[in-house]
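Read through the structure below, which is laid out as structure tokens, and then see the notes.
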Amino acid sequence: MSKKQWLPRLSCALSRAYSSFSASSSSPPSTSFPLKHVTKSNFESALAELRAHVRAADFVAIDLEMTGVISAPWRESFEFDRFDVRYLKVKDSVEKFAVVQFGVCPFRWDSQRQSFIAHPHNFFVFPREELLSGGPSPEFLCQTSSLDFLAKYQFDFNTCIREGISYLSRGQEDEALRRLTLHCKRLSDLSKDSEDGEGTPLVNFTDVLFSKRMKDKLSEWRSGLLHSTRNATSQCHDMSKGSKQQFQTVFFKMRPAVTLNGFTSHQLNLIRMVTKKYFKDLVFIRASGENSCSEQFVVYTDTESDKALLLTEVKNEYHRDAEKKIKAAIGVRHVIDLLSSEKKLIVGHNCFLDIAHVYSKFLGPLPCTAEEFVSSLNKHFPYIVDTKILLNSSDVLQRRMKKASTSLSSAYLLLCRQITLGVDKGSDSGSSPSVKIEVEMDDTRSTDWNSGAKHEAGYDAFMTGCIFAQACHHLGVDFNQHSPSPLNLALNENLQKHINRLYLSWFNWNIIDLITGKQIDAVGSNSSLNKRFSKIVFENVVLIWRFPSKLKAMEINECLCKVFGPTSVASVFRVDESAVLVHFSKPEFVSDFLLLKETLEGSNDVISAVHPLSGILEGGKTGAANYETYKEICRSPVSMALLADSADDVVGLGWRRKKMVSVGKGESGNEGRTSVGEEVYESSGSCLSRDVVEVEDMRATHM
């Protein structure tokens with residue numbers, strides 16, 4: 001999508017979001033649902049409370065809100081996407097968008113009250129540069145539809161930006177500590193520079209004069225210290241007065257010192273060189289003052305051993321202060337460390353994207369393959385359950401759901417009806433018994449509340465946990481079996497076949513096993529999705545892009561069948577208006593097509609002009625490649641609006657776009673762009689239309 005396309009939509013979304021700013025204060029919106037909102041101001045106390053709740057919990061439900069889902073329309077997850085390609089599309093999403101809310105809700109079974117006690121927390125998250133390392137500030141993409149979506153549900157942008165808690169991943173923390181170690185080593189090396197001779201020779205006449213003047217002033221100050229305290233005070237006063245308070249006599253770590261104020265960094269470096277060259281008992285010191293501002297001193301030391309001791313004290317103090325800043329900058333990651341160390345059962349709803357965000361933001365960069373990701377993830381979170389898979393794969397729960405939608409809100413209304421009504425209010429006489437849920441916040445328990453804010457991460461985490469509790473009840477899990485000890489639900493035989501299995505994308509086709517990293521075909525209600533297409537052999541698939549925009553999938557199919565035979569093409573999938581994936585019936589057709597395309601493009605004879613493929617190759621801009629190239633395009637960070645533009649860039653055809661700047665606007669698809677994956681043509685003659693995916697179905701992966 002071009003910049004001109006994004007700007008009006010961004011303006012519209014921000015206008016709508018601004019209306020939510022005006023309606024809210026800097027504190028989170030009040031709600032009758034007892035949800036603990038956590039910002040910078042109450043993070044430390046909330047973390048201490050959460051630590052106790054998580055340690056006592058039987059499971060912890062989580063949910064995230066993000067600034068976007070897909071960086072380009074063609075990065076949606078399609079039926080023609082192989083297992084590894086779907087992972088790469090999730091990886092792209094995670095690396096480009098930010099987490100703005102993190103919902104955590106520990107659930108603990110209370111055998112005396114025969115109910116689960118829930119502690120919902122809603123963390124506002126905002127990535128900012130906390131360590132002031134001099135590097136670039138954190139950057140992330142915002143999908144305008146996602147901003148609009150968040151504003152629609154009264155998301156408090158002010159609180160997120162002003163009061164959101166930042167974080168360091170484990171990788172970022174390790175890098176910060178590594179830099180700290182190197183800096184401390186440099187400090188030690190600088191302290192030894194006095195033995196290196198005269199240092200850098202001065203060639204600038206101004207520097208020579210300044211150095212001479214500083215040498216005289218320091219010598220005068222030092223002489224005053226050595227010969228007379230009264231004299232020193234008088235001389236220092238005169239020196240300070242004459243230098244416009246650039247020098248002030250103080251004590252630094254119980255030693256006489258002079259502060260250096262109002263000097264440039266170059267001048268300070270000259271003073272450091274003068275001190276080292278001419279004064280064995282004076283030492284130049286940099287130290288952190290108030291508000292983390294750097295302060296410079298020249299300090300008098302009695303002996304060489306005292307000088308060494310001072311330098312060691314300064315270095316150790318700097319190291320301690322820097323470590324404190326690094327630990328403070330960890331922020332929200334303390335919550336992830338808590339969940340990881342306690343090895344609790346983590347519960348999410350259609351949560352692969354959420355889990356991938358957790359890994360990327362708080363642990364380290366996502367590995368290149370799904371198998372590597374699963375192997376590493378398992379070390380931190382050995383037990384994860386997805387309630388969407390639970391609902392779709394269990395016949396018992398399917399009957400309870402009456403084949404209804406398994407979206408988060410729908411499942412909550414169907415399975416947790418008594419909770420939504422309030423336990424004490426009762427329910428329809430025909431409803432089946434359900435598990436009692438109590439919510440506790442700040443030591444106050446409640447069983448009677450109005451619904452919370454939908455698509456607020458803390459409340460969505462609560463709904464997810466409630467669905468899981470009801471699902472366990474219907475699957476025959478006995479909550480009293482191990483009471484009062486932890487229930488250890490992750491090892492319960494009734495749940496074993498559902499643990500550590502997640503949908504590999506925000507759509508529900510294939511499942512990834514978090515133990516083996518292998519793909520598992522979907523079962524239950526979503527298995528029908530796989531039957532829409534014949535078995536895809538990805539070695540038989542070719543990507544074609546930048547063909548004439550007037551061509552439909554059926555016409556492309558007909559062109560290819562005229563050349564390779566009526567049964568040569570199994571199906572043609574339109575990714576967007578600029579590209580299709582063609583599934584040939586045999587692998588040799590892929591190489592034959594690519595070779596024939598190259599031959600026809602290199603020939604200008606009459607045969608080439610009337611060849612059946614000329615309709616696809618018309619204009620001389622058509623690109624084509626095998627499925628592995630499509631995978632490399634998905635692996636690339638390039639996310640232009642049209643797949644054709646990204647493909648040209650990745651396979652080295654960017655020069656074509658530069659030559660066609662004047663026509664580029666028409667090919668970028670400003671208005672009337674065909675919906676992503678709009679059309680699939682199969683050789684049987686049927687044309688299957690895909691429904692346009694609504695933003696609300698894609699957002700937050702609550703499908």
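The values are calculated or read from the model by the stated rules, or taken from the named source; none is laboratory data. Being a predicted model, the structure only gives us computed values, none of them experimental. Every residue, glycine among them, receives a Cβ derived from its backbone with ideal geometry; neighbour counts consider all protein chains shown.
Observations on the structure shown:
- Criterion: small (Gly, Ala, Ser) and under 26 Å from residue 370 (Cα atoms) - qualifying residue of 118, 98: 98
- Criterion violated by residue 108 - all others in (1) surrounded by fewer than 23 Cβ atoms within 10 Å (Cβ to Cβ); (2) touching a Gly at 6+ places or on another chain (Cβ under 8 Å); (3) modelled with pLDDT of 90 or more satisfied: (2)
- Among the residues of region 569-599, the one identified as without any contact (Cβ under 8 Å) to a residue 40 or more places away in the chain and surrounded by 20 or more Cβ atoms within 10 Å (Cβ to Cβ) is 580.
- Some residue of region 259-271 being surrounded by 19 or more Cβ atoms within 10 Å (Cβ to Cβ), part of a helix (DSSP H, G or I) and in contact with a helix residue (DSSP H, G or I) (Cβ under 7 Å, 6 or more places away or on another chain): yes
- Just one of the numbered conditions (1) more than 30 Å from residue 44 (Cα to Cα); (2) in contact (Cβ under 8 Å) with a residue 40 or more places away in the chain; (3) more than 17 Å from the chain's Cα centre (by Cα) is not true of residue 57: (1).
- Screening the candidates 494, 500 for the property of being modelled with pLDDT of 90 or more, of a type in the set (S, T, N, Q) and within 24 Å of residue 379 (Cβ to Cβ) yields one hit, 500.
- Selection of region 100-115 for residues being more than 30 Å from residue 40 (Cβ to Cβ) and outside any loop (DSSP other than H, G, I, E, B) yields 109, 110, 115.
Yes/no matrix, rows are residues, columns are (1) closer than 30 Å to residue 93 by Cα; (2) among the hydrophobic types (A, V, I, L, M, F, W, C):
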| position | (1), (2) |
| --- | --- |
| 569 | no, yes |
| 576 | yes, no |
| 585 | no, no |
| 592 | no, no |
| 621 | yes, no |
| 625 | yes, yes |
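- Search result, residues across region 278-298 that are more than 21 Å from residue 216 (Cβ to Cβ) and assigned to a helix (DSSP H, G or I): 290, 291, 292
- Checked against the criterion of being at pLDDT 65 or above, under 25 Å from residue 281 (Cα atoms) and over 49 Å from the mean Cα position of the chain (by Cα), region 177-185 has no qualifying residue.
- Residues that are of a type in the set (Lys, Arg) and either surrounded by 22 or more Cβ atoms within 10 Å (Cβ to Cβ) or modelled with pLDDT under 95 (or both) number at least 2 in the following helices (runs of 4 or more DSSP H) confined to region 299-412: 304-329, 395-401.
- Whether a residue is assigned to a helix (DSSP H, G or I) and closer than 24 Å to residue 648 by Cβ was assessed, and residue 590 passes this test.
- Scanning region 117-140 for residues that are at pLDDT below 95 and in contact with a helix residue (DSSP H, G or I) (Cβ under 6 Å, 6 or more places away or on another chain) returns 130, 131.
- Annotation note: of 602, 620, the sole residue that is modelled with pLDDT under 95 and on the phi > 0 side of the Ramachandran plot is 620.
- Qualifying residue in region 445-461 (condition: part of a strand (DSSP E or B) and modelled with pLDDT under 85): yes
- Residues in region 522-542 include at least one that is buried (at least 22 other Cβ atoms within 10 Å of the Cβ), at pLDDT 95 or above and at negative phi.
- If the condition is being at pLDDT 90 or above and at positive phi, then region 413-444 contributes no residue at all.
- For region 594-647, residues that are more than 37 Å from the chain's Cα centre (by Cα) and assigned to a loop (DSSP other than H, G, I, E, B) total 10.
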